[in-house]
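Right, one structure below, let's go through it.
Each reported figure results from applying straightforward, stated rules to the coordinates on display, with no laboratory input. What you see is a predicted model, and the numbers here were worked out from it, not measured in a lab. Note: ideal-geometry Cβ built from the backbone for every residue, glycine included; neighbour counts use all protein chains shown.
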Amino acid sequence: LYFHSCAESHFMETSKLLTAAALRSEDRVVFVTGGAGTICSMQTRALVRLGANACIIGRNVEKTEAAAKDIATARSGAKVIGIGGCDVRKVDSLNDAAMRCAKELGGIDFVIAGAAGNFLVSMQAMSSNAFKSVMDIDVLGTFNTIKATMPYLLKSSDARIICISATFHFTGMPMQGHVAAAKASVDSLMASVALEYGPRGVTSNVISPGAIAETEGALRLVSPDKEALKKYAKSIPAGRLGTVKDIADATVYLFSSAGSWVNGHVLVVDGGSWRRQGAA
Ligand code: HXC
């Protein structure tokens, strides 16, 4: 129904679940940090295609505004705002973005905390500031996003939060110690938000994506060359790399009426890979 971008021709079939989800997304407003990124832009596109309006946040002004324009093409009449120059490490800039979103789009119902920092580096080569940068973007940034949007979420009749995590922290991962530590904290933060705000009508969950074919981040982690990548894809228990559509589908589920009783959950969307992580 909503799949687009470099593979616009791959329109997916509409399942009964997604039809229900479409009804759920109408007139909803989604606030997305890291919204110009490969995964988050497709999550946003899916929701917009199904009836939501969106506000995407990013550090790079041009990239964020271009992504907003592109996402808006998902549905005629869609309203999509791109707010660039916003760093999730600074809560004031998120407060301003949330206020603008609510003013221009009428509120905030869904939040995707997707902004993340990542690079491959050994513990020994990593500076304290490099470690801190990723912790700040991923953990403090997720906290700031939730803090800035919560006043609006509490006014929504049915509010939902999704934080984007990873799977490295389930087992540990060489060259990703900083990211694994940060994502473990994101999962933990989400659990506390679920308990604290669930009773007030705000559900909170995590999506943990595995290796997604379209993302540079996943590919550079997984493999430097095509042959090794094919071998890696075969090693995935579900037999293939993930796609951004896999993550968008999981997002639609959690934000749909079908996902209304899911709260405090880490939804791993990785073809079962994490269960083999570290195996020879
Ligand atoms: C070692 C590095 C480095 C690298 C930066 N640093 N890049 N150290 N290897 N490749 C160090 C810097 O030297 C500096 O430390 C510190 O990190 C901060 O860097 P700055 O560039 O000054 O900071 P900032 O502008 O805040 O940028 C932070 C950043 C960010 C984390 C580097 O720009 C970034 O994340 N870029 C990549 C974005 C990205 O790939 N996102 C994908 C997320 S996807 P010193 O000590 O010199 O001051 C994802 C999931 C993928 O996470 C996994 C799927 C399976």
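Considering (1) touching a Cys at 6+ places or on another chain (Cβ under 9 Å); (2) away from the ligand (no atom under 14 Å from the Cβ); (3) in a helix (DSSP H, G or I), the lone condition that LEU195 does not fulfil carries the number (1). Only one of the numbered conditions (1) within 11 Å of the ligand (Cβ to nearest atom); (2) in a strand (DSSP E or B) is not met by THR203, and that is (1).
Scan region 111-140 for residues that are hydrophobic (A, V, I, L, M, F, W, C), within 9 Å of the ligand (Cβ to nearest atom) and out of contact with any Gly (no Cβ under 7 Å at 6 or more places or on another chain) and jot them down.
Within region 111-140, PHE119, LEU120, VAL121, ALA125, MET126, ALA130, PHE131 meet the criteria.
Which numbered condition in (1) in contact (Cβ under 8 Å) with a residue 40 or more places away in the chain; (2) over 23 Å from LEU47 (Cα atoms); (3) over 16 Å from the mean Cα position of the chain (by Cα) is the only one that HIS169 fails? All conditions pass for HIS169, except number (1).
Could you say whether any residue in region 125-135 is surrounded by 22 or more Cβ atoms within 10 Å (Cβ to Cβ), touching a residue at least 24 places away in the same chain (Cβ under 8 Å) and in contact with a helix residue (DSSP H, G or I) (Cβ under 7 Å, 6 or more places away or on another chain)? Yes; the residues of region 125-135 include at least one that is surrounded by 22 or more Cβ atoms within 10 Å (Cβ to Cβ), touching a residue at least 24 places away in the same chain (Cβ under 8 Å) and in contact with a helix residue (DSSP H, G or I) (Cβ under 7 Å, 6 or more places away or on another chain). For ALA74, only one of the following conditions fails: (1) within 26 Å of MET190 (Cα to Cα); (2) out of contact with any Asp or Glu (no Cβ under 6 Å at 6 or more places or on another chain). What is its number? Of the numbered conditions (1) within 26 Å of MET190 (Cα to Cα); (2) out of contact with any Asp or Glu (no Cβ under 6 Å at 6 or more places or on another chain), the odd one out for ALA74 is (1). Evaluating ILE161 against the criteria (1) within 16 Å of the ligand (Cβ to nearest atom); (2) closer than 25 Å to LEU50 by Cα leaves one unmet condition, (1).
Within region 156-194, being of a type in the set (Ser, Thr, Tyr), in contact with a Ser or Thr (Cβ under 7 Å, 6 or more places away or on another chain) and over 15 Å from SER204 (Cα atoms) holds for one residue alone: THR167.
Give the residues of region 92-101 that are more than 16 Å from the ligand (Cβ to nearest atom) and under 20 Å from the mean Cα position of the chain (by Cα), sorted by residue number.
Filtering region 92-101 for residues more than 16 Å from the ligand (Cβ to nearest atom) gives 92, 95-101.
The answer is ASN95, ALA97, ALA98, CYS101.
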